[in-house]
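The values are calculated or read from the model by the stated rules, or taken from the named source; none is laboratory data. All figures in this text were calculated on a predicted structure; none of them were measured in a lab. Ideal geometry is used to build each Cβ from the backbone, glycine not excepted, and the neighbour counts take in all protein chains shown. All accessible areas refer to the heavy atoms of the entire protein, side chains included, with ligands and DNA or RNA removed. Shrake-Rupley method; radii C 1.70, N 1.55, O 1.52, S 1.80 Å.
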Amino acid sequence: MKIWIDFINTPQVSFWVPFIRAFQKDNHELLLTCRDSGNTLELLKLNGLDYQLIGKKVGKGFFQKLLFFPKRIYQLYSFIIKHKPDVAVSQSSFYQPIVARILGIPCLYTNDNEHARGNFFGFYFASKVILPLPLKNEDFVKKWPLKSKVSFYPSVKEAVYLSQDPDLIQLIPGRKTAIYFRPEPWSAQYYTGPLNFFDQTILKIATKHKVIILPRDPNQSAHYQQEKFNQVSVAVKPLKLKDILADCLLFIGAGGSMTRELAVLGIPAISIYQAELLCVDRYLVDKGRMKINPTISYEEINMELEDHKKTAKNTAILEEGKKSFLTIKELIFDLK
């Protein structure tokens, strides 16, 4: 079977890699397309994956995205019609379900961000939709056309792919020395919060602790390489999760999957996301795996460091992730 996966943002690479490995093991053919966004290309290369680049970087502005959208739809259509995949799957590609519907390709769509406007295209045009269980009680899943095609998997998407890498679990114990910080998503359509709001706190933390910044794109990298940030380290390329996990004493994230990844793996994680909270984040807070504090102070961070040994190490979420992986995989093959 030929399986088409479309990537439009960085976290989608981590999500699909274990599925890709499983598909390759079973001798299925992969057709990977991607848009140049965030660290997407770097992560695809890091995982040794062959892909077709379709679509350049696009800014955050509404009109920029509006103009880019039909252009990439046409580019995808022109490429995919020549390769004739059997099924299409994506984790929040808003383009793929439209192209798949036009070409009559069965399509599975999933997303864990209920605020993403592009969900309309995935929910309407995809053949099947599968969402994380924390979204089950949201009003939109009970409305047409979603209610006739939606199903749910346990836990959160980060638990799905992390559950397939048992070597990561072995890295949780050990001496940790660094505080990692993932800035806010500057260019994301769904993000409406302030920019660079945590800079002064980062500078304070760096006077006493080793701080490593994980920028989302070259613009953020350039920002944190200014002279005033000479006490912090900036990752010059995307780091593998195992490299972060091996040294992470505390993770502070201004939104995104990486904060949830560390939380799922039992590392003390604090979300300082400045926009409306996602259902999946509330789920991890309820499970005691993550804390939410958008206005956290330097003093409060020091208190968290003193309390980090109390973080739960249970693996229930990862066990749910294993079940979810099998559920999603079976649904993909049921499309054909």
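Of the helices (runs of 4 or more DSSP H) lying entirely inside the range 250-336, the ones with 1 or more residues being of a type in the set (Ser, Thr, Tyr), at pLDDT 90 or above and surrounded by fewer than 22 Cβ atoms within 10 Å (Cβ to Cβ) are found at 279-286, 298-306, 316-335.
Restricted to the range 45-96, and to residues there that are of a type in the set (D, E, K, R), at pLDDT below 95 and in a loop (DSSP other than H, G, I, E, B), the residue that is least open to solvent (accessible area, probe 1.4 Å) is Lys60. Starting from residues that are buried (at least 16 other Cβ atoms within 10 Å of the Cβ) and not in a helix (DSSP H, G or I), keep the ones in the range 35-44 and report whichever is modelled with the highest pLDDT. Filtering the range 35-44 for residues that are buried (at least 16 other Cβ atoms within 10 Å of the Cβ) and not in a helix (DSSP H, G or I), the one modelled with the highest pLDDT comes out as Arg35.
Restricting to the range 102-145, count the residues that are part of a strand (DSSP E or B), crowded, with 20+ Cβ neighbours inside 10 Å and touching a residue at least 60 places away in the same chain (Cβ under 8 Å). Break it down into steps so the answer makes sense when it comes.
Start the filter on the range 102-145 by keeping residues that are part of a strand (DSSP E or B), which leaves 107-110, 128-132.
If we keep only those that are crowded, with 20+ Cβ neighbours inside 10 Å too, we end up with 107-110, 129-132.
Cutting the leftovers down to touching a residue at least 60 places away in the same chain (Cβ under 8 Å) gives us 107-108, 110, 130, 132.
Here the count works out to 5.
Here is a check on your reading of the model: is Glu319 over 30 Å from Phe23 (Cβ atoms) and not aliphatic (A, V, I, L, M)? So Glu319 does not fit the description; no.
Would you say Val160 is part of a strand (DSSP E or B) and either among the aromatic types (Phe, Trp, Tyr) or at pLDDT 90 or above (or both)? So that I can check it myself, show each step before the final result.
Values: part of a strand (DSSP E or B): no; either among the aromatic types (Phe, Trp, Tyr) or at pLDDT 90 or above (or both): yes.
No.
If the condition is being surrounded by 19 or more Cβ atoms within 10 Å (Cβ to Cβ), outside any helix (DSSP H, G or I) and in contact (Cβ under 8 Å) with a residue 40 or more places away in the chain, then the range 1-34 contributes Ile3, Trp4, Ile5, Asp6, Phe7, Ile8, Asn9, Thr10, Leu31, Thr33. Look at (1) under 26 Å from Thr259 (Cβ atoms); (2) of a type in the set (A, V, I, L, M); (3) over 17 Å from the mean Cα position of the chain (by Cα) and you find that Ala88 fails only one, number (1).
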